[in-house]
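S.K.: There's a structure below that I have some questions on.
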Amino acid sequence: MQTFDLASEGLRKLNQTLHAQNANTNQTEWNIVNPKGSHAIAVGLDAPISVTVNGSTGYYCAGMNQQADVHIKGSAGPGVAENMISGSVIVDGDASQYAGATGHGGLLVIKGNASSRCGISMKGIDIVVGGNVGHMSAFMAQSGNLVVCGDAGDALGDSLYEARLFVRGKVKSLGADCIEKEMRPEHLKILADLLERAGIDSKPEEFRRYGSARQLYNFHVDNAAAY
């Protein structure tokens, strides 16, 4: 395992070092100490490496992630895993606003609560939140899955496209064009897989599913995967 002291070596050197890794690297395990809430830690990674951040982070940690597995042993500021393509990001604590925004793929797990706009404009990412999410979560979400094991705030799924929303607790209100939908066997299977991958011990049958009423947009649903 490679240990990097962010306090003494600096953010620029950290990200340059991580960006230098490729598919053939033998330095696959990275341990970052003394993050002290720094911004933009481990952004733009594109290699099958594992990065552990020992502490809380500022904004945009693990943004634009591809292939890497990032584990934040603390809480995360705004925009964690923003625009993620693949790989995984795990946050042991809470996450601030717009976690997983515009994510195209991969898995984001927030073991605590997420603030407002969690999953805004998500485009294929899977997000699992162990606690609650704030208002306007999944706003304009196009595809992917948002799983909320606690409660959801106001305007959940406002202007939703084809993302699937699963909520175990209460929903304060639904946004425009978002409705509750039937939980069919295929949805229970998807949800069970996500909960297992996230390491959360909840029963899929305890959740309700929400999705788009398809009244606010003008493309054919059979083409949804192309967007």
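S.K.: Using beta carbons and a limit of 7 Å, which pairs, at least six apart or on different chains, have the first residue in region 34-57 and over 13 Å from residue 70 (Cβ atoms) and in contact (Cβ under 8 Å) with a residue 12 or more places away in the chain and the second one part of a loop (DSSP other than H, G, I, E, B) and of a type in the set (Phe, Trp, Tyr)?
M.R.: 39/59; 39/60
S.K.: Here are some residues: 92, 126. Which one is over 18 Å from residue 35 (Cβ atoms) and of a type in the set (Asp, Glu)?
M.R.: None of the other options fit; the residue is 126.
S.K.: Next question. Inside region 84-94, can you point out the residues that are surrounded by 18 or more Cβ atoms within 10 Å (Cβ to Cβ) and either over 20 Å from residue 197 (Cα atoms) or not β-branched (Val, Ile, Thr) (or both)?
M.R.: 84, 87, 88, 94
S.K.: From 150, 199, 130, 169, grab the single residue that is crowded, with 20+ Cβ neighbours inside 10 Å and of a type in the set (Gly, Ala, Ser).
M.R.: 130
S.K.: Can you tell which of 40, 81, 47 is over 17 Å from the mean Cα position of the chain (by Cα), closer than 30 Å to residue 141 by Cα and either basic (Lys, Arg) or crowded, with 16+ Cβ neighbours inside 10 Å (or both)?
M.R.: 47
S.K.: Name the residue, out of 144, 119, that is touching a Lys or Arg at 6+ places or on another chain (Cβ under 9 Å) and either touching a residue at least 40 places away in the same chain (Cβ under 8 Å) or hydrophobic (A, V, I, L, M, F, W, C) (or both).
M.R.: The match here is 144.
S.K.: Select the strands (runs of 3 or more DSSP E) contained entirely in region 125-227, then report the ones holding at least 2 residues which are more than 21 Å from residue 96 (Cα to Cα).
M.R.: Those strands (runs of 3 or more DSSP E) span 178-181, 208-212.
Every read-out reported here was derived from the displayed coordinates using simple, explicitly stated rules and does not represent laboratory data. Predicted model, so just to flag it, every value in this text is computed and none were measured. FYI the Cβ positions are ideal-geometry reconstructions off the backbone, even for glycines, and counts take in every protein chain you see.
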